[in-house]
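Read through the structure below, which is laid out as structure tokens, and then see the notes.
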Amino acid sequence: ASRDARAPGHDGPLLTDALGMRAITDRMDIGEATVRALEAGADLVLLDAPHMRDAEADFHAAVGAVTDALATGRLTEQALLRSAARNATLRRPRPAVDAASFSAALDELRSLGERAAEAAIRWSGDVALTAPPVVVDVRRRVNHASGSLANPVVAALRAEGTDAVLAVPGEALPADRQPVVVTRHPLSDPKEADALRAVLEARPDSVVVHGGVRAAAPAVERLICMHGLGLVNARAAAQLLTGARR
């Protein structure tokens, strides 16, 4: 694509989607992806920062690649200056915000997220833990873009002061710990369903923490539906598991 190819009738900046998606990074590094996006006409580049990538390292890799591309002539200063001018049209005047006001706004946003997660969560059966938990994550793929399998439930349980450990599906579970099984697609993914079934057959006392909606949840005795897999959702589930919320 030409660097100056613009969509008809659009004079503003062009933004990329996340360059950290595996469809891109399985084929090239983030620096090369950044340069190619700019060559193709992008003005703003979204690097992405999924759980399993280092956002700061990606930023420096992108800057380094752009610097090298300028030195070799792949990119020109004039083209980047035109991009900068288009990007400048996005700026809007705003009043100065002091540190205290900014901190208060962040606190309000956190509170809003917590309230939303608490309102969304649903559960059935006795989900309060009777022993320290061992978390078994049977999900095979969480994010279709990054493939990240980061587990927020362990972190949330530990934040509640609970001695939570993570186990690999298929391994023997300690008898002195109660299993917490994390699911996402147990009805549509046969392998996830098999892994869940194996845990439940071995340990009927398991609590299932489902990241999706109730309609896509497995039929089990002890179930928590988080309606999301963010840390804020996991915190709401952890409060149920630890008895901090009834």
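The values are calculated or read from the model by the stated rules, or taken from the named source; none is laboratory data. Computed from a predicted model, the values in this text were never measured in an experiment. Reconstructed Cβ throughout: ideal geometry from the backbone, glycine too, with neighbour counts over all protein chains shown. Accessible surface is based on the protein model in full, side chains and every heavy atom, while ligands, DNA and RNA are left aside. Shrake-Rupley method; radii C 1.70, N 1.55, O 1.52, S 1.80 Å.
Could you figure out which of (1) in contact (Cβ under 8 Å) with a residue 60 or more places away in the chain; (2) assigned to a loop (DSSP other than H, G, I, E, B); (3) closer than 15 Å to R122 by Cβ isn't true of G212?
That leaves (1) as the condition not met.
Considering (1) loosely packed, with under 11 Cβ neighbours inside 10 Å; (2) over 30 Å from A156 (Cα atoms); (3) in contact with a strand residue (DSSP E or B) (Cβ under 7 Å, 6 or more places away or on another chain); (4) among the polar types (S, T, N, Q), say which one T72 fails and leave the rest.
The failed condition is (3).
Tell me which residues, restricted to region 197-232, are in contact with a strand residue (DSSP E or B) (Cβ under 7 Å, 6 or more places away or on another chain), under 22 Å from T162 (Cβ atoms) and hydrophobic (A, V, I, L, M, F, W, C).
V199, V207, V208, V209, V220, L223, I224, C225, M226
Give region 227-239 a look and list any residue that's open to solvent by less than 10 Å² (accessible area, probe 1.4 Å) and either under 21 Å from L173 (Cβ atoms) or not hydrophobic (A, V, I, L, M, F, W, C) (or both), or say none.
A234, A237, A238
Got a sec? Which of L229, L200 is of a type in the set (A, V, I, L, M), within 18 Å of R140 (Cβ to Cβ) and without any contact (Cβ under 8 Å) to a residue 60 or more places away in the chain?
Of L229, L200, the one residue that is of a type in the set (A, V, I, L, M), within 18 Å of R140 (Cβ to Cβ) and without any contact (Cβ under 8 Å) to a residue 60 or more places away in the chain is L200.
Of everything in region 131-187, what is at pLDDT 90 or above, surrounded by 16 or more Cβ atoms within 10 Å (Cβ to Cβ) and of a type in the set (V, I, T)? Give them in sequence order.
Residues satisfying the conditions are V134, V135, V136, V138, V153, V154, T162, V180, V181, V182, T183.
Give region 193-233 a look and list any residue that's in contact with a Leu (Cβ under 8 Å, 6 or more places away or on another chain) and small (G, A, S), or say none.
Matches in region 193-233: A193, A202, S206, G211, A216, A217.
Within region 188-226, can you find the residues that are among the polar types (S, T, N, Q) and open to solvent by 10 Å² or more (accessible area, probe 1.4 Å)?
Matches in region 188-226: S188 only.
Just one of (1) surrounded by 11 or more Cβ atoms within 10 Å (Cβ to Cβ); (2) under 30 Å from A217 (Cβ atoms); (3) without any contact (Cβ under 8 Å) to a residue 60 or more places away in the chain trips up L80, so point out which.
(2)
What number of residues within region 125-138 are in a strand (DSSP E or B) and in contact with a helix residue (DSSP H, G or I) (Cβ under 9 Å, 6 or more places away or on another chain)?
4
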